[in-house]
Every structure is written in C-alpha cells, then in structure tokens.
Amino acid sequence: MPLGRRIDVRFNELKAGAVVGMVVLAAACSKSSSPTGPSGPSRTLTSVTIGGSSSSVSEGGTTQLTATAQYSDSTTDTVTGQATWTSSNPAVATVSATGLLTGVKTGTVDVTATFQNTTGRRTVQVAPARFQLRVQLNSVTAIDTCDDFTQGLTSGEFAVQVRTVLASGSSDTIVETRDYPGNPASLSALSLARGGSRSLGNTETYTVNGASGQFLRVEFRATEWDEQIVIIPPSTRWVRDDSMDNRLGTRTSSYNGSTFSNLGPSSITLGSGGCQIRLDYEVTATRQ
C-alpha cells in the first residue's frame, strides 16, 4: 500500500475513535445529571406544625410538645430537637430546648418552634392545679379547766365545734358536741379533767383549685361549763358558769403558687391563763 494511502486510513481510524469516545462521554454525562437514589427530586420546606398530647397544662405540670416539618413533596420530618422553642410569656409557661412545656401560673401562652427560618405556633392554656385537701382531727385537750367556783373543781364540761370554710364560701361542720353552743341541758357532752384529752378521728376531704385566693380555714369554737350545787336555805339550786364564753380560733391554709401553706400537724388553742383547750389536727394537700 502506498504511503499516502496508509496515512489516510490511519487518520480515519483515529477520527472514528474520537467520535465514539465523545458519544460515550456524552452519554455518561447525561446519565450522571439525572436524579438518582431515594432522595428523588429536590424538596423545599413549606411549614412547621407543633403537636402534643394536650393543648393545656396545669400549674406546675408539664406536657411534651413536638415539631414537625412539612415539605413541598408531601413528606414530613420530626424536628423537635432541631427547632428553636420560645414562649410568649415565661411567667405563664416555660418551654425547654426539647419542647417540654411547664405551666407556671394560670393564663394563656403562645409557643413557637422555628426550624430553618420557618415558624410554627400553638396556643396553650395553663389551668389551675387541682388538689385534694384532707383535714384529719386528732384530739382535743383540756390544758386547764375554767374554775370560777370556790371549791376548786378539777374538771369541766366542754362543748366544742370544728368547722371548715373554703374560698368558695362553702362550709362544713366536722365535729360538734351536744348542746353546743348554748347553755347545755346535759353536761356530759365532753367531760375533761384538767390535762385530759379526747380522741376525735374525724376526717373530711375537699377537691379545690390551686389558684390565687384559694384557701381552707379551720375554725375551732369552745365553751366550758362549770356546775355546782348551791344550798342557800330555804332553796337549793345548780349554778353554771361559762368562763370561755364561746371563744373562736382559726387557722388558714392558703395557696402560695405551688401548694398550700400551713400543712402538716397543726393546733389551735383557745383561752388563756388557767382556762385553755387545744385542738390538734393535720391538713394535707395532694396534687391530682
């Protein structure tokens, strides 16, 4: 083959190879530019919603909120831990970096969760806490009897009353001896020697809101009667004397923002000097 012919053939072979290579390269480039894998087409964030098991929480209580991101391709992601959480009024409720909401005081608060410059919002109501208040009466003790008679009596006849009063205005009599509070027809209602006690064991329970202004007041009233026979010829008569004059003592348990004050063992003492009687009782508050 002549030299010129061989050069032409070789040139054509190189040219054909280059064309094939360009075709292959173009096909490869076209393939790599197409979406592959599970991610599919690109998506954009459209909204953030706040969820949770409840839209309310009690004072001192907690509830977990969640943040969910919605995308343009109808997919969602949970972004509770990635969102930035805020409360519109931390004095009413606070929210942690993980979406845990804590009620502080009664009111309404807006909670927001922001993720990638998109914010979701939810209104939460903080309700008063509910408490069961329990009043347990233990005993009454005659610290000293009221003796206004000359022969020095060492015991007295007591009439007592214990009532509870709630902020709502409702009241309840827990214990009341016979013939209270007037002049007793029978003086055997509650006979106590000086220093003597009588067990009571009466219990009452109430369910109340733990909110500002709520209270439970215990009222203790007592009257002590001495009695003796007076013989002044030609007559004989009984003389009765009420030295305590229907005295009243009170003690109040009030809501202080987290629970009630004056809980635990308590007492109310009536009288003074040589004429005293004491009520021993206990108040407990259990959050519902």
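Here are the numbers for the structure shown:
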| read-out | value |
| --- | --- |
| Cβ-Cβ FRET estimate between Q64 and D110, R0 fixed at 22 Å, reported to 0.05 | 0.80 |
| Net length gained if the chain between S212 and S168 were fully extended (0.36 nm per residue, minus Cα distance) | 14.6 nm |
| Net length gained if the chain between T250 and A91 were fully extended (0.36 nm per residue, minus Cα distance) | 53.9 nm |
| Positive minus negative residues near R221 (Lys, Arg vs Asp, Glu; Cβ under 10 Å) | 0 |
| Neighbourhood charge, 14 Å Cβ-Cβ cut-off, centred on A127 and excluding it, Lys, Arg +1 and Asp, Glu -1 | +2 |
| For L166, net neighbour charge (Lys/Arg +1, Asp/Glu -1) across residues whose Cβ lies under 13 Å away | -1 |
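Taken together, the values in this text are just the output of simple stated rules run on the coordinates, not laboratory data. Here the structure is a predicted model, which means the values were calculated and not measured. Backbone-built Cβ (ideal geometry, glycine too); neighbour counts: all protein chains shown.
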